[in-house]
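Structure record follows, encoded as structure tokens.
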Amino acid sequence: MYELDLSRPPSDHVRVTAEGARTFETAAEIYDRHVGRYGAALAVAHVDHLDVRPSDDVLDVGCGPGALSLALAGIVGAEHVCAVDPSESFVEACRARLPGADVRVAPAEQLPVFGRQFAVASSQLVVNFMTDPEAGVRAMKETVRCRGTVASVVWDYAGEMTMLRAFWDAALEIDPDAPDEGRTMRYCTPAELRSLWLRCGLVGVDTAALVVEATYADFEDFWSPFPTGIAPSGAYCASLASGRREALADACWRRLGSPAGSFTLPARAWLVRGTA
């Protein structure tokens with residue numbers, strides 16, 4: 001049985017709430033150890049589908065600590081990257097990682113005026129955490145030039161995002177009422193994303209699967225972000241009494257094949273893209 005160290009308190013930087021986006025009010029370093037460790041590879045795959053050209057002006061909506069912004073800047077240059085996120089800590093991290101970009105605190109539904117039209121407006125792992133996804137996508141559409149691209153990437157929560165699927169399947173073992181993101185996230189299939197993009201008036205809409213992977217030093221490396229309260233999975237984990245949290249950790253460990261050392265997990269995401 002995996003032995004969980006419950007003596008370590010959650011980081012003082014973490015503010016756990018039960019509401020989606022607010023569960024990301026955390027230090028960038030904790031995000032980087034959770035889903036953020038997939039971010040750089042996912043951003044490279046994401047940008048490959050955007051037809052971005054040098055010196056294009058681009059907008060990253062819900063930039064987090066900056067994975068997609070950094071990938072975009074590698075093509076267009078930092079001065080052509082604008083980005084927003086509602087989390088002040090993430091905005092500070094993105095600014096520090098990408099000097100020269102215009103990064104501001106704002107939600108997707110209330111985008112600031114940047115004084116330029118964008119060739120591309122895209123988001124990575126954000127649509128399901130928008131207060132109003134339709135309003136957010138429409139706001140993105142309004143920022144792009146004629147024939148500009150509006151795109152997004154979301155996890156395949158119900159299927160092959162292995163890290164989260166292992167966590168929620170383990171949670172359902174101990175609690176049939178656990179708020180499994182595979183059931184609670186509305187936009188986590190190509191059909192749902194395509195329908196959203198069409199309702200927002202985008203044309204030429206298509207979807208694609210993006211598969212990336214991340215390596216963990218050991219199970220503790222996998223597990224340690226969850227008790228901090230980050231993301232819906234972490235918020236659920238942190239809400240449990242210590243005994244049930246230990247049972248959840250043990251169930252996760254078994255579902256991952258009882259790893260004794262390093263292991264690698266694949267993660268599938270869905271990309272949607274349309275033209276304004």
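Values in this text are rule-based calculations from the coordinates and carry no lab data. Computed from a predicted structure; not experimentally measured. Note: ideal-geometry Cβ built from the backbone for every residue, glycine included; neighbour counts use all protein chains shown.
Size of region 131-276 from its Cα atoms: along the principal axes, largest to smallest, the extents are 54, 29, 22 Å.
Pairs of Cα atoms nearer than 8 Å and 6+ residues apart set the relative contact order; for region 117-201 it is 31 percent.
With contacts taken as Cα pairs under 8 Å and at least 6 residues apart, region 20-275 reaches a relative contact order of 22 percent.
The magnitude of the dipole of region 107-216, with charges of +1 and -1 set on the Cβ of Lys/Arg and Asp/Glu and taken from the Cα centre, is near 880 debye. In region 20-275, taking the dipole from charged Cβ atoms about the Cα centre, the farthest positive-side position among Ala170, Trp155, Ala139 is held by Ala139. Taking the Cα centre of region 63-142 as origin and assigning +1 to Lys and Arg Cβ atoms and -1 to Asp and Glu Cβ atoms, the resulting dipole is close to 200 debye. Add +1 for every Lys or Arg and -1 for every Asp or Glu among the other residues with Cβ under 13 Å from the Cβ of Tyr38, and state the total. Summing Lys and Arg as +1 and Asp and Glu as -1 gives -1.
Our note on the geometry: Cα centres of region 146-195 and region 209-276, 13 Å apart.
Once Rh is set to the Kirkwood radius over Cα pairs, what Stokes-Einstein translational diffusion coefficient, in µm²/s, holds for region 83-165 at a temperature of 37 °C and a viscosity of 0.692 mPa s? The estimated diffusion coefficient comes to 235 µm²/s. Rg and Dmax over the alpha-carbon atoms of the chain stand at 18.4, 58 Å. Sorting Thr228, Thr215, Thr275 from the fewest to the most surrounding beta carbons within 10 angstrom yields Thr215, Thr275, Thr228.
Summing Cβ point charges (Lys, Arg +1; Asp, Glu -1) relative to the Cα centre of region 20-275 gives a dipole of roughly 580 debye. Computed from Cα positions, the angle between helix 133-143 and the longest principal axis of the chain comes to roughly 30 degrees. Where both bridge residues fall in the chain, DSSP classifies roughly 55% of the beta bridges as antiparallel.
Annotation: peptides 58-67, 234-243, ranked by per-residue average of other Cβ atoms within 10 Å with the highest first, follow the order 58-67, 234-243. Projecting label points 7 angstrom from Cα along Cα→Cβ for Ala135 and Ala40 puts them 3.6 nm apart.
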